[in-house]
Amino acid sequence: MRHVYDVYRIGCEQPQEIDAATQVFPAIVTGDAEEYRGQFPSFYADPIGALRSTLEQARTNGILRKQYDQKVLPLIYGGERTAFETAFTAFEGMANQLIATL
């Protein structure tokens with residue numbers, strides 16, 4: 001849940017970092033798929049499908065939203081309290097940019 005807000009802020013403050021991440025993301029996913037193949041065979045077999053499925057679950061199950069509202073919003077200081085919908089929409093867009101590099 002904290003990653004949703006953090007990635008949102010990175011996108012706002014340093015959008016060039018997303019472009020930099022697209023350069024290394026495929027290698028990271030390949031390495032993770034290999035390293036965790038025994039624990040997560042579905043990720044090893046289909047990393048794109050696994051990432052998209054996880055993103056869909058995060059968007060629709062409501063647990064992430066509840067945790068964001070209860071645990072992240074109280075930690076935000078000094079200004080705008082970004083709603084889950086705003087932060088997640090940005091997070092999802094950046095995640096899809098990264099997934100598209102695979």
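Are there trypsin sites (Lys or Arg not before Pro) in segment 1-69 that DSSP marks as loop and that have at most 14 other Cβ atoms within 10 Å, and which are they? Mind dumping the intermediate values first?
Details: sites: Arg2, Arg9, Arg37, Arg52, Arg59, Arg65, Lys66; in loops: Arg37.
Sparse-neighbourhood loop trypsin sites (Lys or Arg not before Pro): Arg37.
Let a ≥ b ≥ c be the square roots of the eigenvalues of the Cα gyration tensor of segment 9-86; is it rounded (a/c under 1.5), or, if not, prolate (a/b larger than b/c) or oblate?
Details: a/c = 2.77, a/b = 1.51, b/c = 1.83.
Oblate, because a/c is 1.5 or more while a/b does not exceed b/c.
Given springs between every Cα pair under 10 Å in a Gaussian network model of the chain, which of Gly79, Gly62, Gly49 has the largest fluctuation?
It is Gly79.
Mean separation of Cα pairs under 8 Å and 6+ residues apart, divided by the residue count of the chain: what relative contact order is that in percent?
This gives 48 percent for the chain.
Once phi is turned into ³J(HN,Hα) by the Karplus curve 6.51 cos²θ - 1.76 cosθ + 1.60 with θ = phi - 60°, what whole-Hz value does each residue of segment 32-49 show in order, with x for glycine and proline?
Here the 3J(HN,Hα) series is 5, 4, 5, 4, 9, 4, x, 7, 10, x, 5, 5, 4, 6, 8, x, 5, x Hz.
Charges at C-beta only: +1 for Lys and Arg, -1 for Asp and Glu. How large is the resulting dipole of the chain about its Cα centre, in Debye rounded to 20?
Numbers: 9 positive and 13 negative charges, 81 e Å.
Result for the chain is approximately 380 debye, rounded to the nearest 20.
Taking the chain as a Gaussian network, Cα atoms linked when under 10 Å apart, which of Pro15, Pro74, Pro47 shows the biggest mean-square fluctuation?
Comparing Pro15, Pro74, Pro47 in a Gaussian network model of the chain, the most mobile one is Pro74.
Principal axis extents for segment 58-101, Cα atoms only, whole Å, descending order, please.
Principal extents (largest minus smallest coordinate, Cα): 34, 25, 12 Å.
Where does each of Ser42, Ser53 land when they are ranked from fewest to most other beta-carbon atoms within 10 angstrom?
Numbers: Ser42 10, Ser53 13.
If I rank by nearby Cβ atoms, fewest first, I get Ser42, Ser53.
Can you give the local net charge around Tyr44? Use residues other than it whose beta-carbon is closer than 10 angstrom to its beta-carbon, Lys and Arg +1, Asp and Glu -1. Walk me through the numbers on the way to the answer.
On the way: positive: Arg37; negative: Asp32, Glu34, Glu35, Asp46.
My count for the surroundings of Tyr44 gives -3.
Roughly how many nanometres apart are two label points built 7 Å out from the Cα toward the Cβ at Ile76 and Glu56?
2.8
Read-outs throughout are calculated quantities, based only on the coordinates presented, and are distinct from any laboratory measurement. Here the structure is a predicted model, which means the values were calculated and not measured. Note that each Cβ is placed from the backbone with ideal geometry, even for glycine, and that neighbours are counted across all protein chains shown.
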